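Visitor: Encoded as structure tokens, here's the structure I'll be asking about.
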Amino acid sequence: MRVYVPLTLPGLAEAYKTGELGSGSFVAYAVTPALREWYLSDDIEELEYAALNRAALASLRLLAADAEAPRRRVVVAVDVADGAASADPDRGLDPAALGEVRVKGTVALAKAAAVHVDLGDAEADVAAAAEALEAADRGDDDAQFVVDGAEDHELLWYATQEIPNLVGLGD
């Protein structure tokens, strides 16, 4: 099963240093039955893109909580065993939890298929979105418009071999 793990650049640097994406149990996003029902598509690529976008929003939430992190959303795509990730059936139709899964156990960063990161030119919009997130959650339409502005920036695909350069550890 492909899961999308939301991170920040410092989180990615830590994962690179330890070789692990998480330990114990952590939140990721995937194509769940609730996401399929919400998205109304049978196209797996469209559904995976929707799960990636849900993880990007979760990355934005991590940025809102960490004022020191560079304002770039980060999502790591990784394949885990089918039984390693499960959706909470009680939260399945909660709009805030669409696509959310809990991954059990440690996942080696070496198992990652790709890393998705904002370009530097997205930083101003991502920073504004992180600032507006709390107000958007309370129903402020203007703040939601600002949050949606971050989604106008596509996350770029990077091979896992490029992680050192992404986190400033490259040559």
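Visitor: Could you list, in sequence order, all residues of the stretch 131-168 that are surrounded by fewer than 12 Cβ atoms within 10 Å (Cβ to Cβ), within 18 Å of the chain's Cα centre (by Cα) and farther than 30 Å from T18 by Cα?
Guide: D152
Visitor: Next question. Take the residues of the stretch 16-31 that are closer than 14 Å to A87 by Cβ and in contact with a helix residue (DSSP H, G or I) (Cβ under 9 Å, 6 or more places away or on another chain): which is surrounded by the fewest Cβ atoms within 10 Å (Cβ to Cβ)?
Guide: Step by step, filter the stretch 16-31, then rank; the result is V27.
One line per residue, one yes/no per condition, for (1) in a loop (DSSP other than H, G, I, E, B); (2) within 19 Å of Y29 (Cβ to Cβ); (3) touching a strand residue (DSSP E or B) at 6+ places or on another chain (Cβ under 6 Å); (4) of a type in the set (D, E):
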| site | (1), (2), (3), (4) |
| --- | --- |
| D90 | yes, yes, no, yes |
| A110 | no, no, no, no |
| A113 | no, yes, yes, no |
| A122 | no, no, no, no |
| V126 | no, yes, no, no |
| E134 | no, no, no, yes |
| G139 | yes, no, no, no |
| A143 | no, no, no, no |
| G168 | yes, no, no, no |
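Visitor: Another one. So D148 clears everything in (1) in a helix (DSSP H, G or I); (2) of a type in the set (D, E); (3) over 19 Å from A50 (Cα atoms) except one condition, right? Which one?
Guide: Evaluating D148 over (1) in a helix (DSSP H, G or I); (2) of a type in the set (D, E); (3) over 19 Å from A50 (Cα atoms) leaves (3) as the failure.
Visitor: Which residue is modelled with the lowest pLDDT, if the candidates are limited to the stretch 90-130 and must be closer than 23 Å to V78 by Cβ and open to solvent by 70 Å² or more (accessible area, probe 1.4 Å)?
Guide: So, considering only residues that are closer than 23 Å to V78 by Cβ and open to solvent by 70 Å² or more (accessible area, probe 1.4 Å), the one modelled with the lowest pLDDT is R91.
Visitor: Just checking, which of A34, A64 is in a helix (DSSP H, G or I), open to solvent by less than 30 Å² (accessible area, probe 1.4 Å), touching a residue at least 40 places away in the same chain (Cβ under 8 Å) and not aromatic (F, W, Y)? Lay out the reasoning, then the answer.
Guide: Details: A64 fails: open to solvent by less than 30 Å² (accessible area, probe 1.4 Å).
Of A34, A64, the one residue that is in a helix (DSSP H, G or I), open to solvent by less than 30 Å² (accessible area, probe 1.4 Å), touching a residue at least 40 places away in the same chain (Cβ under 8 Å) and not aromatic (F, W, Y) is A34.
The values are calculated or read from the model by the stated rules, or taken from the named source; none is laboratory data. Keep in mind that what you see is a predicted model, and the values were worked out from it rather than measured. Every residue, glycine among them, receives a Cβ derived from its backbone with ideal geometry; neighbour counts consider all protein chains shown. Just the protein is used for accessible areas: all its heavy atoms, side chains included, with ligands, DNA and RNA removed. Shrake-Rupley method; radii C 1.70, N 1.55, O 1.52, S 1.80 Å.
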